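The values are calculated or read from the model by the stated rules, or taken from the named source; none is laboratory data. These figures come from a predicted structure and were not determined experimentally. Note that each Cβ is placed from the backbone with ideal geometry, even for glycine, and that neighbours are counted across all protein chains shown. Please note that ligands, DNA and RNA were not included when accessible areas were found on the heavy atoms of the full protein model with its side chains. Shrake-Rupley method; radii C 1.70, N 1.55, O 1.52, S 1.80 Å.
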6 protein chains.
Amino acid sequence: MVDRVKTGIAELDQMLCGGFVAGDSVIVAGGAGTGKTTLALQYLVNGATQFGEKGIFVTFEQMPNQLYRDAKNFGWDLKRLEQENKLRLICTSPELLLESHGIAHLLDEPIRQVKPRRIVIDSLSNLAMYLGEKEVRKEGYRLINYFKTRQMSSLCTWELPEIISQNLLITDVGLSFVVDCIILLRLVEIESQMHKALVVLKLRGSDHDKALREFKITSQGITVAQPFTGFMHVITGIPRREPNQQNDNNKAS
Amino acid sequence: MVDRVKTGIAELDQMLCGGFVAGDSVIVAGGAGTGKTTLALQYLVNGATQFGEKGIFVTFEQMPNQLYRDAKNFGWDLKRLEQENKLRLICTSPELLLESHGIAHLLDEPIRQVKPRRIVIDSLSNLAMYLGEKEVRKEGYRLINYFKTRQMSSLCTWELPEIISQNLLITDVGLSFVVDCIILLRLVEIESQMHKALVVLKLRGSDHDKALREFKITSQGITVAQPFTGFMHVITGIPRREPNQQNDNNKAS
Amino acid sequence: MVDRVKTGIAELDQMLCGGFVAGDSVIVAGGAGTGKTTLALQYLVNGATQFGEKGIFVTFEQMPNQLYRDAKNFGWDLKRLEQENKLRLICTSPELLLESHGIAHLLDEPIRQVKPRRIVIDSLSNLAMYLGEKEVRKEGYRLINYFKTRQMSSLCTWELPEIISQNLLITDVGLSFVVDCIILLRLVEIESQMHKALVVLKLRGSDHDKALREFKITSQGITVAQPFTGFMHVITGIPRREPNQQNDNNKAS
Amino acid sequence: MVDRVKTGIAELDQMLCGGFVAGDSVIVAGGAGTGKTTLALQYLVNGATQFGEKGIFVTFEQMPNQLYRDAKNFGWDLKRLEQENKLRLICTSPELLLESHGIAHLLDEPIRQVKPRRIVIDSLSNLAMYLGEKEVRKEGYRLINYFKTRQMSSLCTWELPEIISQNLLITDVGLSFVVDCIILLRLVEIESQMHKALVVLKLRGSDHDKALREFKITSQGITVAQPFTGFMHVITGIPRREPNQQNDNNKAS
Amino acid sequence: MVDRVKTGIAELDQMLCGGFVAGDSVIVAGGAGTGKTTLALQYLVNGATQFGEKGIFVTFEQMPNQLYRDAKNFGWDLKRLEQENKLRLICTSPELLLESHGIAHLLDEPIRQVKPRRIVIDSLSNLAMYLGEKEVRKEGYRLINYFKTRQMSSLCTWELPEIISQNLLITDVGLSFVVDCIILLRLVEIESQMHKALVVLKLRGSDHDKALREFKITSQGITVAQPFTGFMHVITGIPRREPNQQNDNNKAS
Amino acid sequence: MVDRVKTGIAELDQMLCGGFVAGDSVIVAGGAGTGKTTLALQYLVNGATQFGEKGIFVTFEQMPNQLYRDAKNFGWDLKRLEQENKLRLICTSPELLLESHGIAHLLDEPIRQVKPRRIVIDSLSNLAMYLGEKEVRKEGYRLINYFKTRQMSSLCTWELPEIISQNLLITDVGLSFVVDCIILLRLVEIESQMHKALVVLKLRGSDHDKALREFKITSQGITVAQPFTGFMHVITGIPRREPNQQNDNNKAS
């Protein structure tokens, strides 16, 4: 059996049949406001505090202070984790990452110091804005292998531009075919409320839950709830009620 | 607990669980005629008159006289607020802002004079028309950080080109991932009337109301009302009645 | 209270809570055959004959003789209005307007002679075909301000290429954010007949009727009728009957 | 009252309140197989044989022999009409038309000889393939005026690339705003049969029938029948049955 | 009456009111797997064996051996037909065809030898991939006329990239306006099975069946069956059941 | 009868009326997470272990160790098969493949050593990212013929960027017209669960099952189940329940 890397989000680990596969690359794709950064931080914090796996968080557009503050809302003390050498925040820019002649020059040293088992790139699409289409896939592939050869499980966030859409593509640069696992986060309008949906679209070398499940961002971070019921087209963000559901209501009345 | 920056629009502050987060960057995105400028002005006026927070309003295409006049319709005396040094209107052009070698050269002086806690850029998309795709995100990020490092809460308006749409993206340049808060304003056709909808799509580091709520522009400015009920696909601008609603009607008859 | 510029189309003036705002810029957007030119002419003719406001009509593609003839169908004697110096037709080309080093060189003289309070550009999108995307917005903005500083109320027509559409944008160059008022004209298929719909999408600094109302082009020009009832998605041009309507029919049977 | 140019298709002339307006420019737009060329020929043949108006038919891609043959199927003897100097076929190429330094060099002579009151360009979109977007509108406008100044009524066909579509635009180059009259021909799928629909979308300076009416191509040419009933979205080519219609069926059963 | 070129597919010849028109150009358009090549071969084989009309089959991407083999599945012995000089397969490449300074250099000799009445180009879109948009239409037109002047009936296949679509265009290069006849083949999903639909969209100078009819590829080649019934939107490939049909079911239960 | 190449997936071989046709080229197209690589490996493993046909697996982005590991989850010991010279994994890069002056330089030697009857390219779209549109089709065609002339049955995977879509095209470069067989894999949302659908869209020279059938990835690899029932639009990925189904439920209640 393969080693599993638990996210520490109980229901998500269940959906993943135990967690991500150790050493694998994960993409968490979602539109603005879906909680990608929260999921990524929670994955690192839980790794550091519950599973003894150190982590590195690379961000291109957030300031450390804001990350500290936002994390505190979930009860996560990133500063302390950094002081205990269980976590390292790297706030850089895509230009710097690219200018440094490969990732090694920028990440080698922190990796040597922290010896992380988990790494987060928030976001990979940010990096993609500085590269041509071919380059993104090549660079993404190189990055993923760089992490694999160092036995690190990587989680990259990917920004979906569309809030709702009848046609859905994860990336337009083929990166979803390179990674081992894809988690899609989605805003979903139901009864004039924006709900959040999570679905595991891909998990190489393992079975996984296929449901579109609602999740919430609580004061403890992400909590995954039950699958949506009675709706079709949830993945578009603008679902319709199943006619069956409608009939049941008729019955009920 | 984080400091909150109240908009002074009671229901919106409730939706935001107390207001924007102090120092955060907000995007108010909406199509033509949705009330973006009204919301932005109201945010500044209420800040200056109710919460003791001075403000700067930067606009690229409106004339001061028109702003004075339009504001007066809501009972807001911008001229007096300027004379009391509680508000400053800056009517400039994107070219001027960009030519001035960074924003500092243009905003530094007013900021030193006014000492604002709130700033509005109306609109950021206007600036975007003069920049390439990569540049917009970089420049937007730089602008947002410039405000953050000066402890100013920023609110930028963003123009959505589409009045109605089956696919909705906030920006095509990734700015919605940079900002801390996204408020979406939307025209919505219901019973052959154009209604206005407001939804908080993102609020980093805080819970928030997820409802699509109707709002109106009254003689006192923006007033947020109840969530839409009995409709699906409100966010597209062309909602459909929920079949349940239809069934209820059947029951009622 | 702001001064109002009446169109003389009674129901439209009601929808506008009295008329356009004096000195404001208006866009009348619509597809081919929706009556943009008729509305624009009627606005000028009524101004000249009922409200003592002289007008200038700038067109890029119509010949004076055709305008005279078409206007006569509505009982409007443009030639006489010209002779009485109440109206001036300027039939030019976009190239000429652009080559003349700014609008002043072309319009200054007529404006000095006529002293108009109203001006129509039919169409602004025609001008846009000769400019790049950035230039259109800049040029449109300059044009609008040129009129404002001369206390003229301007009405520009804008050609929507799409007859019907699930996604609707007024302009793809951001001009709808520059203007003070947007009126949308639309062909709407109902019971295999093409109807005409009019809706005020934006009116800066004033309340306005939000309804999608049917209008007709009669021998007296444009007449605005009641809002559509029993339909959704009217704004797309291909509405659907409301299920309520359907239920009512069921009840009725 | 304006002079009317009868097509000789009785129901179409009724829809046009008597016919096209003399000297006006008409676009007949439609997808492949909708009968544009048939309508255009019928317009010329009827003009020559019933209304004493001579005509010129300019085509870019059909051979005279094929036109003779196809016309014969409708009982139209084009060769005889040519011999009687009532009709002239000009089979040329867009390149030739464009190389000839303006249309005059190519059409002046035939026009002087035939003295036509009617002219057909089949198709204008063909010409458009050889010109840039700006050029098409300018060239189309020049062509239309060339005909107007010679008191000729012009009818241009325009090829719509889409057979069915949820979004419909007549031309993407703004030509539908230049012309005085637009007739749209459309294939419409009803009960797994392709029907043909005709609608007058625009008729400057005149009222007109607004219905989407079925038409057929018979051995006498085009015959216009009744409006479609019981359907919505006919203009998309893939209509849906009106729910009322459905209810009526329920009642009937 | 015009001469008819029978396909030998009885129902299709009926739909065409006797067959294609002699000397005309036909486009058979369809997505992958719809049977374009089968129809084209059947047309040639039946011509050679039943109607005494020799044929040439030009292909750009299939090997003779595969064609022999695939044809054998339908009981067609292409090799024997070639030996009897009733059929000629030309397996070439678009480059070769284009380099040969016009088609004459490549096809003149085989045409002189075989004296064909029928010719197939499988596929014309293949050729189109090597030409610009303007060139395709011009080259296609030249090719079609080359065949016409030699009294050959031509049938070109055209590859539609989309399997299903809400918007359907035959070609994006205007070729459907050049040809005399268009047959559309379509995959259609009904009850989770991919069916095949055939419809004659255009037949210049002749009436034709307007139905969307199901067809199958059997061991004898293509067999056309009845029109689809009880469905709308068949042409999109994803039809919906007619509400009438639904009501009938209700009645039936 | 043609020779058949069994996949060893019993139901799929049934759908293919016995298997792929020997020597043919197959495309397995699908979005991320649909199981393309699993199907491709299973095809090679079954060939080697059940049908005595050796195979080569060419991949551009997966590492051998990961393939070994993922295959082991299905009980497939790739390493042993390699040692027994029944299988060869070639992990290369598109650049290397292209730089090697034709495929021969890279594949000739392994083919001589292994003498494979089956070859997999995972994925062909990967190769396509390094070539222009014309080049892809030409190169793909050359590759396919290279395999055919060596009597190898080839299976190429192709990555569909869209997870769900109302318009579906297999490739935008015309490759689906070059290959002999197309299998489409699709994620399908039903009752808030992502199901997997498989359909054979094309099989040159043979009949085949036309159903959209559900399949699962189990610990033994891919297992094909029954066709979906009671749904329409399965191929879009967001099906709707058939109204009949709804009626049946009504009956049932």
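Observations
- Whole-number percent relative contact order across region A:1-82, with pairs defined as alpha carbons under 8 Å at least 6 apart: 23
- For region C:110-173, the convex hull spanned by the alpha carbon atoms encloses 97 Å³ per residue.
- Think of the protein assembly as shown as having a plus end and a minus end, set by charges on the Cβ of Lys, Arg, Asp and Glu; of D:LEU143, D:GLN166, B:GLY55, D:GLN166 sits farthest toward the positive end of this dipole.
- Taking the charge dipole of chain B about its Cα centre, with +1 at Lys and Arg Cβ atoms and -1 at Asp and Glu Cβ atoms, the residue from B:LEU16, B:ALA71, B:THR218 reaching farthest to the positive side is B:LEU16.
- Which of F:LYS79, A:LYS86 is most accessible, then next, and so on - probe 1.4 Å: F:LYS79, A:LYS86
- By accessible area with a 1.4 Å probe, ligands and nucleic acids excluded, highest first: order of B:LEU12, B:LEU89: B:LEU89, B:LEU12
- Ranked packing of C:222-229, A:230-237, C:54-61, most packed first, by mean Cβ within 10 Å: C:54-61, A:230-237, C:222-229
- Contour minus Cα-Cα distance for F:GLU95 and F:LYS72 (0.36 nm per residue): 5.4 nm
- Total charge dipole magnitude, region D:124-234, about the Cα centre, Cβ charges on Lys, Arg, Asp, Glu only, Debye to nearest 20: 460
- Distance between the 7 Å Cα→Cβ label points at F:GLN193 and E:LYS216: 3.3 nm.
- For region C:73-168, the relative contact order works out to 29 percent when only alpha carbon pairs closer than 8 Å and six or more residues apart are counted.
- The residue in chain A that lies nearest, by its beta carbon, to the axis linking chain A with chain F is given here with the distance in whole angstrom as A:GLN166, 5.
- Spin-label model distance (nm) - A:ASN85 vs A:THR229, 7 Å beyond Cα toward Cβ: 5.1
- For C:HIS195, residues with placed amide H under 5 Å, excluding near neighbours: C:VAL188, C:GLU189, C:ILE190
- Charge dipole magnitude, Cβ of K and R +1, D and E -1 - region A:14-79, Cα centre, debye nearest 20: 160
- About its Cα centre, region B:1-144 has a charge dipole of approximately 320 debye under the convention of +1 per Lys or Arg Cβ and -1 per Asp or Glu Cβ, with nothing else charged.
- Average beta-carbon neighbours from other chains, 10 Å sphere, peptide E:15-26: 1
- With its label point defined 7 Å out from Cα along the Cα-to-Cβ axis, B:ARG112 lies at 4.5, 4.5, 7.9, 7.9, 9.1 nm from the matching points of the other copies, in increasing order.
- Label geometry 7 Å along the beta-carbon vector: C:LYS216 inter-copy distances in nm: 3.2, 3.2, 5.6, 5.6, 6.4
- Pairwise burial E:D, computed as accessible area of each alone minus the pair, summed, 1.4 Å, Å²: 3800
- Once you reduce region F:174-223 and region E:150-179 to the center of their Cα atoms, the two points are 27 Å from each other.
- With the whole protein complex present, E:CYS181 retains an accessible surface near 0 Å², based on a 1.4 Å probe.
- For chain C: relative contact order, % (alpha-carbon pairs under 8 angstrom, 6 or more apart): 24
- Sequence-distant residues sharing a close amide H with B:GLY205 (under 5 Å, placed H): none
- Label distances, nm, D:GLU135 versus same residue in remaining copies, Cβ-directed 7 Å point: 1.8, 1.8, 3.0, 3.0, 3.5
- For the segment E:122-131, counting C-beta atoms of other chains within 10 Å of every residue's C-beta and taking the mean gives 2.
- Considering only beta bridges that DSSP places wholly inside chain C, some 45 percent are antiparallel.
- Alpha-carbon radius of gyration plus Dmax, which is the widest Cα pair, for the protein assembly as shown in Å: 33.9, 102
- Averaged over peptide A:209-218, the number of partner chain Cβ atoms lying within 10 Å of each residue's Cβ comes to 3.
- For the residue pairs C:LYS36/E:LYS134; F:LYS138/F:LYS210; B:LYS148/C:LYS138; C:LYS86/C:LYS138; A:LYS138/B:LYS138, the alpha carbons lie more than 25 Å apart in C:LYS36/E:LYS134; F:LYS138/F:LYS210; B:LYS148/C:LYS138; C:LYS86/C:LYS138.
- A simple spin-label model places the labels of C:LEU131 and C:PHE51 2.5 nm from each other, with each point 7 Å out along Cα-to-Cβ.
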